[in-house]
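In what follows, a structure is listed as structure tokens, so that the remarks can point back to it.
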Amino acid sequence: MTAVLLSSSAAARDVSHNEVLELRRQGLLLPLEQVLEQIETRHPDAQVLEVELDREGQHYLYEIEILTRDRQVRELEIDARSGTILEDELED
């Protein structure tokens with residue numbers, strides 16, 4: 001599974017590259033690779049379409065859009081610290 005785009009969302013507070021590196025160094029964010037492995041287990045053979053890292057208050061969230069093997073577009077919201085999948089829904 002390969003990420004096509006990694007960006008910060010304008011809807012939530014932007015997360016700079018330097019901030020991401022510092023948060024990873026401090027162990028406050030899971031590596032994106034680990035999160036993508038979790039998605040691969042849940043949705044085998046899915047293709048990643050977009051990845052965003054948002055900050056909402058004190059929480060960081062990965063928002064990941066995938067195309068499943070049965071051609072459905074899904075959006076997953078994942079707690080970037082714990083890896084907990086908070087939402088997994090079909091995109092309209």
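Each value in this text was obtained by applying a stated rule to the coordinates, not by laboratory testing. Bear in mind that the values here come from a model prediction, so they are computed numbers and not experimental data. Cβ: placed from backbone, ideal geometry, glycine included. Neighbour counts: every protein chain shown.
With r defined as the distance between the Cβ atoms of Glu89 and His59 and R0 fixed at 25 Å, what FRET efficiency is calculated, to the nearest 0.05? Computed FRET efficiency for Glu89 and His59: 0.85. Measuring how big segment 6-90 is from its alpha-carbon positions, Rg and Dmax come out at 12.6, 38 Å.
Please get the size of the charge dipole for segment 6-90, origin at its Cα centre, with Cβ charges of +1 on Lys and Arg and -1 on Asp and Glu, quoted in debye to the nearest 20.
On the way: 9 positive and 20 negative charges, 52 e Å.
In total the dipole reaches around 240 debye.
Between Glu50 and Arg81, the modelled label-to-label distance comes to 2.7 nm, taking each label 7 Å out from Cα in the direction of the beta carbon. Computed from the Cβ-Cβ distance with R0 of 35 Å, the FRET efficiency linking Arg42 to Asn18 stands at 0.70.
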